[in-house]
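Worksheet: the structure to be examined is printed underneath.
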Amino acid sequence: MERNQELFEKIEGYLNKTLSQEELTAFEKEVMASTALQEEVEKHRVLHETLSDTDTLAFREKLIRISQEIKAEEQATSSGSSHYWKIAASIAVIIGVSALLWFSGFGKDQNEDLYATYYEPFPVEDTTRGEDTQGFVDVLTEYSKGEYQQILPKLEEIVNAKQTDSLGNRSSTNQFNLYLGNSYMNTNQEKKAILVFESIAKSSKYYENAQWYLGLTYLKLGKPTKTKSILEGLIQYNGVYKDKSVKLLEELP
Amino acid sequence: MSVQEERNILEGISRGDEAVIKTFYRTNIGHIKRYVLQNSGNEADVEDVFQDAMVLLYQKLKSNSLVVTASIHTYFYAVCKNIWRNRLRKNSKMIHKAEVFDDPEDQLSEDISKDIEQKEREHLYRKYFNKLSDTCKKVLGLVFAGKSMKEIASETEYSEGYARKKKFDCKKSLIEMIEKDPMYQELKTEPEN
């Protein structure tokens, strides 16, 4: 069975019940005679059924937003409570870790070196065509110049606006999330960067990019163990970051 | 939890009530997180599983086809566990197929597994739809929204003939991308009963 425009239009006509009686009879006969055609019709049916459900798409976007809100709140409360003990514990950990690093000969410097070698800001891509790009262009120009601090408020606003628009284009939201995450990385707001990168779901075409930057953020924070497990995920994912991931993984202690 | 409280939660989710969903999220995410992380998942998997389970619940509520014999939290937990096991199995990380549904802890599994298969397919379709070019997304978005070719032509400023061709090209490449995904092959070869 060859896929051509005529066949697709016939299947669509059949599913939308717009075929004439004559066409319908002929098509039904064809379908009866071919399992491949039956499967093809079923594929089209499921495709239309799934992707016409904008209601569910909007519900899902709402969930993503709620999850981000909850994470942000958790972050805020955990940093506010039991401050004293946290400081005390951190000092103890710092002493312990530095001693360990001193003896193992591997230190913060090495993490930083690797980070500097591997990190490149997520490049500016074209924004969605037909979208209101006024204002976006300016932000992205500044972004490519490295004016991260300056554009942060505007970027946050863009991402929020895109998320509240329930029918908004999710992939372009994720694209802006990557700019936002990178801007956080470059303004020493790693925790925020982590939240942003983690919010990009596996189903997104930017998932791989997000994971790569998530891994680098942990490296910047001096948590190479976390970086490693993310790199292993990227290698398994077998996409454009595979080679880089293999190399970086080899260089990590 | 009283019957009334349960009903309020279900109605809230069905309405898309943010406050209700948020509370539900907070109450349940801990369990799910522990389960997924303990079974070779990561944080992103936790989010995926939780959200896919919520979508499944939402769709069942919308279509009035939810039959809950246990408490809503027990049911939800069982859905999440099944989604995650199903994915592990498909990724061949879990070798013994028998383990998957033979968990005496949740007899709900049988009812749920069919729903999950269907959901996995949808997940795949949405995933690749998002990977299409912006032009394709626009054209197919209009097609799936039920617009006529004439309307699509006028919205995209293509000729009707070109819009038709574009629709075919985009749909063909979408179907082909889906077919290439190993998960799709898995879903296809699974016996459905």
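Entry remark, the range B:133-180: residues being within 22 Å of A:Thr56 (Cβ to Cβ) and within 10 Å of chain A (Cβ to nearest Cβ) number 13 in total. Looking only at the range A:1-17, which residues are facing chain B (nearest Cβ under 10 Å) and assigned to a loop (DSSP other than H, G, I, E, B)? If the condition is that a residue be facing chain B (nearest Cβ under 10 Å) and assigned to a loop (DSSP other than H, G, I, E, B), then A:Arg3, A:Asn4, A:Asn16 are the ones that fit. Kindly evaluate A:Lys223 against the criterion of being within 14 Å of another protein chain (Cβ to nearest Cβ), in contact with an Asp or Glu (Cβ under 6 Å, 6 or more places away or on another chain) and either surrounded by fewer than 21 Cβ atoms within 10 Å (Cβ to Cβ) or at pLDDT below 90 (or both). For A:Lys223, the condition - within 14 Å of another protein chain (Cβ to nearest Cβ), in contact with an Asp or Glu (Cβ under 6 Å, 6 or more places away or on another chain) and either surrounded by fewer than 21 Cβ atoms within 10 Å (Cβ to Cβ) or at pLDDT below 90 (or both) - is not met.
Taking the range A:190-217 as the range and being of a type outside the set (S, T, N, Q), more than 21 Å from A:Glu73 (Cα to Cα) and more than 12 Å from chain B (Cβ to nearest Cβ) as the test, the residues that pass are A:Trp212, A:Tyr213, A:Leu216.
When B:Val68 is tested against (1) assigned to a loop (DSSP other than H, G, I, E, B); (2) under 18 Å from B:Leu124 (Cβ atoms), just one condition goes unmet, and that condition is (2). Screening B:Asn64 on (1) surrounded by 15 or more Cβ atoms within 10 Å (Cβ to Cβ); (2) away from chain A (no Cβ under 11 Å); (3) at positive phi shows it passes everything except condition (1). Looking only at residues in the range A:226-240 that are modelled with pLDDT of 90 or more and not β-branched (Val, Ile, Thr), the one that is nearest to A:Lys71 (Cα to Cα) is A:Lys226. Residues that are of a type in the set (Gly, Ala, Ser) and assigned to a helix (DSSP H, G or I) within the range B:127-167 comprise B:Gly141, B:Ala153, B:Ser154, B:Gly161, B:Ala163, listed in sequence order. The set of residues in the range A:101-141 that are at pLDDT below 85 and charged (D, E, K, R) comprises A:Lys108, A:Asp109, A:Glu112, A:Asp113, A:Glu125, A:Asp126, A:Arg129, A:Glu131, A:Asp132, A:Asp138.
Does B:Ser40 meet the test of being within 12 Å of chain A (Cβ to nearest Cβ) and either more than 20 Å from the chain's Cα centre (by Cα) or at pLDDT below 90 (or both)? In short, yes. The requirement of being within 33 Å of the chain's Cα centre (by Cα), aromatic (Phe, Trp, Tyr) and under 17 Å from B:Leu140 (Cα atoms) is not satisfied by A:Phe59.
The values are calculated or read from the model by the stated rules, or taken from the named source; none is laboratory data. Everything numeric here is computed off the predicted structure, so don't read it as measured data. Note that we place each Cβ from the backbone using ideal geometry, even for glycine, and neighbour counts take in every protein chain shown.
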